[in-house]
């Protein structure tokens, strides 16, 4: 996610987003499924911070967008980890 598109007005999201971006870059640069899966597990922990946010408000557009992005990332990490198990 680029800086321009990270317009979610939430301190938790703003804190987690740079960490998530760094780990995502490591996944993209990793060689082999095992290395990618290790970073994916790390990413899952950071994404879980967003998914378990105590300030989540289902009526907030920012919260809905954050939750959507976090769920997409969680599915991606699940796929990478499954690929390791299949390899």
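Quick one: what Rg and Dmax do you get for region 11-86 from the alpha carbons, in Å?
For region 11-86, the Cα radius of gyration and maximum Cα-Cα distance read 13.0, 41 Å.
State the Cα centre-to-centre distance between region 56-72 and region 19-40 in whole Å.
So the two Cα centres are separated by 24 Å.
Sum -39500 (n - 2.57) across every DSSP H segment of at least 4 residues in the chain, then divide by the residue count to get the 222 nm mean residue ellipticity, nearest 500.
Calculated mean residue ellipticity at 222 nm is -25500 deg cm²/dmol.
Fewest Cβ neighbours within 10 Å first, please rank 75, 67 accordingly.
Final ranking by Cβ density, sparse to dense: 75, 67.
Rounded to the nearest 0.05, what FRET efficiency is calculated for residue 51 and residue 87 with R0 set to 30 Å and r the Cβ-Cβ distance?
The formula returns an efficiency of 0.65 here.
Given a Förster distance of 30 angstrom, what is the FRET efficiency for residue 60 paired with residue 21, based on the Cβ-Cβ distance and rounded to 0.05?
It comes out at approximately 0.85.
Values quoted throughout were computed directly from the atomic coordinates according to the rules given, and no laboratory measurement underlies them. Quantities reported herein were computed from a predicted structural model and do not represent experimental measurements. Ideal geometry is used to build each Cβ from the backbone, glycine not excepted, and the neighbour counts take in all protein chains shown.
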